[in-house]
Amino acid sequence: MDKQPSLEDLKARVTQAQKAMGPKSESGVNESHAYGMAMRLVAELVSGLIVGLMIGWFLDKALGTKPWLLIIFIFLGLGAGIFNVLRAAKQITEAEARKLKEAAEKANSNEG
């Protein structure tokens, strides 16, 4: 009969497979994930601006104050959009830091 592989050989093969399945870059962020994050930030900014524009336009039309409320609400929408972008960027940064910390802890626990 054939000789069974030793536990050391099996462990080496498992470790090699785990390394092959790991993240491709040092930071663990691939291009599609970065593109998705960028699209989210752009959507946050544009949506705030569009909502402000629509509110200003409808109020100007209803109250007959063209173009003052439109201008005011464009700036308010832009401010809200920027605030949303900053908040979303903070959430993304915290999530990435948490993933890196968990990966480091997992690597440390696997070594020992």
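Listed values, structure above:
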read-out: Residue match in the range 11-20 (condition: modelled with pLDDT under 85, closer than 26 Å to I92 by Cβ and loosely packed, with under 12 Cβ neighbours inside 10 Å); value: no
read-out: Residue match in the range 69-77 (condition: free of Cβ contacts under 8 Å to residues at least 12 places away in the same chain, part of a helix (DSSP H, G or I) and either among the aromatic types (F, W, Y) or out of contact with any Lys or Arg (no Cβ under 7 Å at 6 or more places or on another chain) (or both)); value: no
read-out: Residues of the range 34-63 satisfying the condition of being of a type in the set (V, I, T) and farther than 17 Å from A89 by Cβ; value: I50, V51, I55
read-out: Scan of the range 88-100 for residues that are without any contact (Cβ under 8 Å) to a residue 12 or more places away in the chain and of a type outside the set (A, V, I, L, M), ordered by number; value: K90, Q91, T93, E94, R98
read-out: When residues of the range 21-63 are limited to those that are over 25 Å from V85 (Cα atoms) and under 29 Å from the mean Cα position of the chain (by Cα), the one modelled with the highest pLDDT; value: M21
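The values are calculated or read from the model by the stated rules, or taken from the named source; none is laboratory data. Because the structure is predicted, anything quoted here is derived from the model rather than measured. When we count neighbours, we look across all protein chains shown, and the Cβ atoms used for this are built from the backbone with ideal geometry, even at glycine.
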